[in-house]
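Beneath this line is the structure, given in structure tokens, with notes to follow.
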Amino acid sequence: MSLFRTKPIADLQKEAGAEHGYKRTLGPISLISLGIGSVVGAGIFVQTGQAAALYGGPAIALSFIVSGIACLFAGLCYAELAAMIPVSGSAYTYTYGSLGEILAWVVGWCLILEYLFSGAAVAVSWSGATRDILNEFHLALPASLASAPLDVDPDHVIPINLGFVTFQLQTLKATGALINIPAVFISLLLTYILYIGIKESAGFNNLMVVIKVGVLLALVGYGIYYFLGHPDVARANWHPFLPSNTGTWGEYGWSGVFRGAGAIFFAYVGFDCVSSAAQETKNPQRDLPVGLLGTLLIVSFLFISVSLVLTGMVHYSKLNVDAPFIYALQQIQAPAIFRYLIEAATLAGLTSVILVSLLGQPRIFYSMARDGLLPAYFAKIHPKYGTPHVTTWITGISCAIIAGLFPLNLLGELISIGTLLAFSLVCAGVWVLRETRPDLPRSFKTPLVPLVPLLGIITCVFQMFSLPAITWLNLTVWMAIGFAVYFGYSRRHSKLAPR
């Protein structure tokens, strides 16, 4: 069937080695930094404490281990395909070469959620964090210029009953604001940095990563110092390390560990952005697996260490607050400077997440345009800067408009389900290519195929079905729009379409 026509792997590999205008400047350290930049955002300072308080207690550290292993299944599959097909299309291109055009389109359409809409959502969070910092210095921005003109109206919902499932459709209301200027500002600033070159963008991202990782390590170091001086405090707070289940599934005990793993699974999402920089990597066959798996290992270490320190400082039952780290540090009378360090790390974390999101999306568009699924001008590379400048500005301006005008608190679960769908298809792609093209040279091999890809698929699908019905409805609407574009334009203009 023409819907499932696949792009020959030989053609994809030829594209990877061809002159394309990109500048190959990234090594393994820069790739790992991009991965950390995308994964470690502000969530680690909030979600860790809340998940410990509600689900796992001190054993939330085990939840991070479970989630890390689950993400590793997808990471190993990404590593094999990224090394074998080192082009900037990431999961979209891998699916095109293994499962066919229509599923590749599904993945590419889902990646818009992971990159463009995720970047816009984080830009709104960046705006909020910036306002909080300015308020501390009595430099408040006018509310009309620092929030979206539309917001969710909690008093007006539309009940929908489909027979087998019932949910409530939320409506919007006018807020009286004009535009979220800080969100627009950061979106356009980072777009300009991405426009002038990957080397400059990677350098800026490295700075942001150094700040936030440095603060996390400082927190861990101070926690260890505090525990050495107050061993009884940590011993008491960590006992019992695995609190007994309350009788309700997911409230402590081993079920709480797994429920906590589900709640924090999305903290790991974003590591796959490394593969979108394949054509700007010096030695992609060697460095892309290092970047992908190195990112997962380092962020797992950070998440586990930070969770242990946090639950050791303060009893887990007290951590269901908006700023658990600041609360814990105040309880143990830590130096006040840590508050400002956490605020700086939060801002740096959000900045790097936006940057990497805006880096990944143009390269997906570029690959889709090269295949004819999007207009040809989406595939233009700047002759001086070596960046996909047209799609970079399209992405950045779209991000600024979305972040400046719309409420994005509804998008979190939609972004997650779209990303998980893309992950599951990448895992399936590894399995299919092992069966259909065992002859292909692979510089990195996913171990234990088909077990690892199968576990990756099961993990992703399980997480998808844990999301509420309204999220599935939103995904259905989003994919319906995508299929309208595909059948209206992309299928006829595909380079694989019969002429």
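Tabulated results
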{"item": "Residue match in the range 284-304 (condition: among the acidic types (Asp, Glu) and surrounded by 23 or more Cβ atoms within 10 Å (Cβ to Cβ))", "result": "yes"}
{"item": "Single residue of THR48, THR25 found to be within 27 Å of PRO388 (Cα to Cα) and among the β-branched types (Val, Ile, Thr)", "result": "THR25"}
{"item": "The lone exception for VAL87 - which of (1) surrounded by 22 or more Cβ atoms within 10 Å (Cβ to Cβ); (2) in a helix (DSSP H, G or I) it fails", "result": "(2)"}
{"item": "Filter pass, GLY386 being part of a helix (DSSP H, G or I) and of a type in the set (Gly, Ala, Ser)", "result": "no"}
{"item": "Search result, residues across the range 90-120 that are outside any helix (DSSP H, G or I) and over 15 Å from THR419 (Cβ atoms)", "result": "LEU99, GLY100"}
{"item": "Selection count where residues are among the hydroxyl-bearing types (Ser, Thr, Tyr) and over 17 Å from the mean Cα position of the chain (by Cα), scope the range 376-424", "result": "6"}
{"item": "Given (1) under 24 Å from the mean Cα position of the chain (by Cα); (2) farther than 30 Å from TYR226 by Cα; (3) part of a helix (DSSP H, G or I), index of the condition ALA348 fails", "result": "(2)"}
{"item": "Residues that are assigned to a helix (DSSP H, G or I) and either of a type in the set (D, E, K, R) or free of Cβ contacts under 8 Å to residues at least 60 places away in the same chain (or both), drawn from the range 297-325", "result": "LEU297, PHE301, LYS318"}
{"item": "Test: CYS427 is closer than 27 Å to ILE69 by Cα, under 21 Å from the mean Cα position of the chain (by Cα), of a type outside the set (A, V, I, L, M) and modelled with pLDDT of 95 or more", "result": "yes"}
{"item": "Selection status of VAL152, part of a strand (DSSP E or B), surrounded by fewer than 24 Cβ atoms within 10 Å (Cβ to Cβ) and touching a residue at least 40 places away in the same chain (Cβ under 8 Å)", "result": "yes"}
{"item": "Pairs where the first residue, in the range 258-283, is at pLDDT 85 or above and the second is part of a strand (DSSP E or B), C-beta under 6 Å, 6+ apart", "result": "ALA277/LEU26; GLU280/LEU26; THR281/LEU26"}
{"item": "Residue within the range 437-456 that is within 27 Å of TYR377 (Cα to Cα) and hydrophobic (A, V, I, L, M, F, W, C) present", "result": "no"}
{"item": "Residue within the range 26-44 that is surrounded by fewer than 21 Cβ atoms within 10 Å (Cβ to Cβ) and farther than 30 Å from ILE381 by Cβ present", "result": "yes"}
{"item": "Residue satisfying condition, being closer than 28 Å to ARG131 by Cβ and at pLDDT 95 or above, within set LEU194, LEU178, LEU219, LEU172", "result": "LEU194"}
{"item": "Residues (among the basic types (Lys, Arg) and part of a helix (DSSP H, G or I)) located in the range 268-296", "result": "ARG286"}
{"item": "Test: residue in the range 62-70 that is of a type in the set (S, T, N, Q) and part of a helix (DSSP H, G or I)", "result": "yes"}
{"item": "Pair list, Cβ under 8 Å, 6 or more apart: the range 213-237 residue closer than 21 Å to GLY56 by Cα, other residue surrounded by 20 or more Cβ atoms within 10 Å (Cβ to Cβ) and among the hydroxyl-bearing types (Ser, Thr, Tyr)", "result": "ASN237/THR311; ASN237/TYR316"}
{"item": "Hits in the range 463-472 - residues which are assigned to a helix (DSSP H, G or I), crowded, with 16+ Cβ neighbours inside 10 Å and out of contact with any Leu (no Cβ under 8 Å at 6 or more places or on another chain)", "result": "TRP472"}
{"item": "Condition check for LEU134: part of a helix (DSSP H, G or I), free of Cβ contacts under 8 Å to residues at least 24 places away in the same chain and aliphatic (A, V, I, L, M)", "result": "yes"}
{"item": "Leading residue by the ranking (nearest to PHE227 (Cα to Cα)) among those in the range 313-341 that are crowded, with 19+ Cβ neighbours inside 10 Å and touching a Phe, Trp or Tyr at 6+ places or on another chain (Cβ under 6 Å)", "result": "LEU329"}
{"item": "Residue check, ARG442 free of Cβ contacts under 8 Å to residues at least 24 places away in the same chain and either of a type in the set (Lys, Arg) or surrounded by 24 or more Cβ atoms within 10 Å (Cβ to Cβ) (or both)", "result": "no"}
{"item": "Selected residue (criterion: surrounded by the fewest Cβ atoms within 10 Å (Cβ to Cβ)) from residues of the range 445-462 that are free of Cβ contacts under 8 Å to residues at least 60 places away in the same chain and either of a type in the set (Ser, Thr, Tyr) or outside any helix (DSSP H, G or I) (or both)", "result": "LEU448"}
{"item": "Near pairs, Cβ below 9 angstrom, 6+ apart or cross-chain, from the range 368-389 (at positive phi) to any residue that is in a helix (DSSP H, G or I) and among the small types (Gly, Ala, Ser)", "result": "GLY372/SER490"}
{"item": "Among residues of the range 120-172, those that are under 27 Å from the mean Cα position of the chain (by Cα), among the hydroxyl-bearing types (Ser, Thr, Tyr) and within 17 Å of THR471 (Cα to Cα), counted", "result": "1"}
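This table checks each residue for (1) touching a helix residue (DSSP H, G or I) at 6+ places or on another chain (Cβ under 7 Å); (2) small (Gly, Ala, Ser).
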| site | (1), (2) |
| --- | --- |
| ALA51 | yes, yes |
| LEU54 | no, no |
| ILE85 | yes, no |
| THR93 | yes, no |
| GLY100 | yes, yes |
| VAL107 | yes, no |
| VAL124 | yes, no |
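The values are calculated or read from the model by the stated rules, or taken from the named source; none is laboratory data. Keep in mind the model is a prediction, meaning the values are calculated, not measured. Using ideal geometry, Cβ is built from the backbone for each residue, glycine included, and neighbour counts are taken over all protein chains shown.
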